[in-house]
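Read the structure below first, then the notes.
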Amino acid sequence: EKDLFVLGIETSCDETAAAIIKNGTEIVSNVVASQIESHKRFGGVVPELASRHHVEQITIVIEEALQKANVTFQDIDAIAVTEGPGLVGALLVGVNAAKALAFAQQIPLVGVHHIAGHIYANRLERELKFPLLALVVSGGHTELVLMKDHAQFEVIGETRDDAAGEAYDKVARTLNLPYPGGPQIDRLAHEGVPNIDLPRAWLEEDSYDFSFSGLKSAVINTMHNAAQRGETIKPEDLAASFQASVVEVLVGKTVKAAKEYNVKEVLVAGGVAANKGLRTALEAAFEKLPEVELHIPPIHLCTDNAAMIAACGTVLFQQGKRSELNLNAYPGLDL
Ligand code: KG4
Ligand code: ZN
């Protein structure tokens, strides 16, 4: 049978990305242009700036993805693009580039949910085994997603306030660490001791929801109170204590859900999956649960990229999903 090539395009936040995936699983090219350096001096992603950078980069990145894969538009069977959720002005750049190419080259267009993409990053490593549970932890999302089959997503728990990555970034800001704060806190945490008492937001007994804003406030209050008393708290210890709280709740709820839903495997997805403390704690927890396989993608597939969008788009395309040329960007799209 003829090979299936899908071009993926991702512009939901601060990475302009394009990738070519063969038969849904094989990365032929994967190009990511990061804007982190330009957002750094503002301490976070500036939406207007992100859109402008996407406009400058998008055609260059797509061209590079085609060149590196050594293919032309004639070889592309479908164009998969992130349609949401994300920053609307950022999403629109990718969506409009995809629409223009689909129209000009007469190639089918498939809109992809950003979080579905994060989950499908795992399929670039190995075939998925259903039922599976995905822990999605990114800058914008914290969700436990149950999948009984391809492209069937059931959100069994989600954050009620801040996303895990958002909490990391905000805590990092109060510690005067540069954006993005997640990796900085992760690094500091390993130099400190988790000796500061911080809350764990377990919520109701039977809930798989998360909440991180209380923890974030507790960290800020701890710093202020110490400063008022003229005491100094080691940032390493605060980072270690914060990370311990986040990781304990994420791992605890993931293990509980994996048991309750009798899943074959647990997948981790999103930027916070790069966290060393989380990876280690998950590995330790699932070592004691050998009937459930734990898979965490390599870090470059955890953070935003277009390979994951093309991987998910391939499955949707094979299932017959087509988006029209009036496709829009949906900043609050549900999974
Ligand atoms: O998935 P992603 O690249 O973009 C979104 O879709 O949001 O995730 C970015 C988030 C940021 O909040 C960043 O601080 C966090 O992932 N992050 C980390 C680590 N690496 C990235 N958080 C904790 N520890 C890390 N090592
Ligand atoms: Zn993401």
Legend entry - Cross-chain or 6+ apart pairs with Cβ under 9 Å, the range 217-235 first and more than 17 Å from Q184 (Cβ to Cβ), then part of a helix (DSSP H, G or I): A218/F242; A218/S245; T222/L238; T222/S241; E231/N225; T232/A226
Inset, instruction - Please name all residue pairs, on different chains or six or more residues apart, with Cβ atoms under 6 Å, provided the first residue is in the range 11-30 and is farther than 13 Å from G94 by Cβ and the second residue is surrounded by fewer than 24 Cβ atoms within 10 Å (Cβ to Cβ) and at pLDDT below 95. - result: none
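When the range 49-77 is examined, which residues are found to be among the hydroxyl-bearing types (S, T, Y) and surrounded by fewer than 16 Cβ atoms within 10 Å (Cβ to Cβ)?
Step one: of the range 49-77, the residues among the hydroxyl-bearing types (S, T, Y) are 51, 59, 72.
Within the range 49-77, T59, T72 meet the criteria.
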Legend entry - Residues located in the range 161-215, provided they are near ligand 1 (Cβ under 10 Å from one of its atoms), part of a helix (DSSP H, G or I) and more than 13 Å from V246 (Cβ to Cβ): P183, Q184, R187
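Does H141 satisfy the condition of being within 16 Å of ligand 1 (Cβ to nearest atom) and not charged (D, E, K, R)? Talk me through it step by step, then tell me what you get.
Details: within 16 Å of ligand 1 (Cβ to nearest atom): yes; not charged (D, E, K, R): yes.
Answer is yes for this residue.
Might you let me know whether the range 183-200 holds any residue that is under 25 Å from P85 (Cα atoms) and surrounded by 15 or more Cβ atoms within 10 Å (Cβ to Cβ)?
Start the filter on the range 183-200 by keeping residues that are under 25 Å from P85 (Cα atoms), which leaves 183.
Within this subset, residues satisfying the condition of being surrounded by 15 or more Cβ atoms within 10 Å (Cβ to Cβ) are 183.
Looking through the range 183-200, at least one residue is under 25 Å from P85 (Cα atoms) and surrounded by 15 or more Cβ atoms within 10 Å (Cβ to Cβ).
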Inset, instruction - Identify the single condition in (1) in contact (Cβ under 8 Å) with a residue 60 or more places away in the chain; (2) within 16 Å of ligand 1 (Cβ to nearest atom) that K253 does not satisfy, given that it satisfies every other one. - result: (2)
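Take the residues in the range 272-308 that are assigned to a loop (DSSP other than H, G, I, E, B) and among the β-branched types (V, I, T); name whichever of them is farthest from I9 (Cα to Cα). Outline the logic, then answer.
Kept after step one, since they are assigned to a loop (DSSP other than H, G, I, E, B), are these residues of the range 272-308: 275, 288-292, 296-298, 303-306.
Next, from what is left, pick out any that are among the β-branched types (V, I, T): 292, 296, 303.
Numbers: V292: 33, I296: 23, T303: 14 Å.
Only one residue tops the list, namely V292.
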Inset, instruction - Could you tell me whether the range 288-301 includes any residue that is closer than 17 Å to T142 by Cα and free of Cβ contacts under 8 Å to residues at least 60 places away in the same chain? - result: yes
Inset, instruction - Please work out which one of (1) within 16 Å of ligand 2 (Cβ to nearest atom); (2) at pLDDT 95 or above is the condition G139 fails and give its number. - result: (2)
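The values are calculated or read from the model by the stated rules, or taken from the named source; none is laboratory data. For clarity, every value in this text was computed on a predicted model and none was experimentally measured. With ideal geometry, Cβ positions are generated from the backbone for all residues, glycine too; neighbour counts draw on all protein chains shown.
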